[in-house]
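K.L.:
Would you mind keeping the following structure in view while I ask a few things?
The values are calculated or read from the model by the stated rules, or taken from the named source; none is laboratory data. As the structure is a prediction and not an experimental result, all values here were calculated from the model. Reconstructed Cβ throughout: ideal geometry from the backbone, glycine too, with neighbour counts over all protein chains shown. All accessible areas refer to the heavy atoms of the entire protein, side chains included, with ligands and DNA or RNA removed. Shrake-Rupley method; radii C 1.70, N 1.55, O 1.52, S 1.80 Å.
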Amino acid sequence: MSEENSPIGRAVLAPLLGLLIACGGPSRVMPVPSPATARPFPVAAPWCVVPGRDVDSALAVAQALQLFDSSSLPVEPQSVERVVARVVAKGSSVSLSVPEGWLVRFAPVAKLTLGGGGLVWVNGATGCPILLIRYE
């Protein structure tokens, strides 16, 4: 009795043939792109000011005010607070302050107005404003 006609040979050959038919034929090997072409280019950080420029309170207010230009209610800065990260080493008693950004709070110019204004975060490194709260 040959191996082709044995029950074990048929038991292996039948599922293999069924899988080949179900998959639509033999698989095709696709070339893998080289790693240099497969990687996307790194995304540059969005800078709203010239890199290296110091973002002070006046620039933070000017950047934050851009988010309220389309508003029908005129707003004015109510408060400007610098946010600083503090690192304290206990053993050597070293303290380091790193400026992180600015919180700018706006209020409507007309004092007896309901709504208007809001709270804006201005990144200290990039100068980009992010609207946190808009009072409607």
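K.L.:
Just need a number here: residues in segment 94-129 that are more than 20 Å from Ser57 (Cα to Cα), part of a loop (DSSP other than H, G, I, E, B) and either touching a strand residue (DSSP E or B) at 6+ places or on another chain (Cβ under 8 Å) or hydrophobic (A, V, I, L, M, F, W, C) (or both). Break it down stepwise before answering.
P.N.:
Narrowing segment 94-129 to residues more than 20 Å from Ser57 (Cα to Cα): 94-96, 110-116.
From what is left, the residues that are part of a loop (DSSP other than H, G, I, E, B) are 110-116.
Cutting the leftovers down to either touching a strand residue (DSSP E or B) at 6+ places or on another chain (Cβ under 8 Å) or hydrophobic (A, V, I, L, M, F, W, C) (or both) gives us 110, 112, 114-116.
Summing the residues that are more than 20 Å from Ser57 (Cα to Cα), part of a loop (DSSP other than H, G, I, E, B) and either touching a strand residue (DSSP E or B) at 6+ places or on another chain (Cβ under 8 Å) or hydrophobic (A, V, I, L, M, F, W, C) (or both) in segment 94-129 gives 5.
K.L.:
Oh, and also: Closer than 12 Å to Ser57 by Cα and open to solvent by 80 Å² or more (accessible area, probe 1.4 Å): is that true of Glu81 in this structure?
P.N.:
Numbers: closer than 12 Å to Ser57 by Cα: yes; open to solvent by 80 Å² or more (accessible area, probe 1.4 Å): yes.
For Glu81, the condition - closer than 12 Å to Ser57 by Cα and open to solvent by 80 Å² or more (accessible area, probe 1.4 Å) - is met.
K.L.:
Of everything in segment 60-98, what is of a type in the set (Ser, Thr, Tyr) and at pLDDT 85 or above? Give them in sequence order.
P.N.:
The first filter runs over segment 60-98 and keeps only residues of a type in the set (Ser, Thr, Tyr), leaving 70-72, 79, 92-93, 95, 97.
Matches in segment 60-98: Ser79 only.
Table: residues versus (1) assigned to a loop (DSSP other than H, G, I, E, B); (2) open to solvent by 60 Å² or more (accessible area, probe 1.4 Å); (3) among the aliphatic types (A, V, I, L, M); (4) touching a Lys or Arg at 6+ places or on another chain (Cβ under 7 Å).
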position	(1), (2), (3), (4)
Arg53	yes, yes, no, no
Gln63	no, no, no, no
Arg86	no, yes, no, no
Gly91	yes, yes, no, no
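K.L.:
Return the residues of segment 109-130 that are closer than 15 Å to Val80 by Cα and open to solvent by less than 70 Å² (accessible area, probe 1.4 Å); say none if nothing qualifies. Steps first, answer last, please.
P.N.:
Step one: list which residues in segment 109-130 are closer than 15 Å to Val80 by Cα, which gives 117-124, 127, 129-130.
Matches in segment 109-130: Gly117, Gly118, Leu119, Val120, Trp121, Val122, Asn123, Gly124, Gly127, Pro129.
K.L.:
Among the residues of segment 66-119, write down those that are touching a residue at least 60 places away in the same chain (Cβ under 8 Å) and among the aliphatic types (A, V, I, L, M).
P.N.:
Of all residues in segment 66-119, those touching a residue at least 60 places away in the same chain (Cβ under 8 Å) come to 66-67.
Selection gives Leu67 alone.
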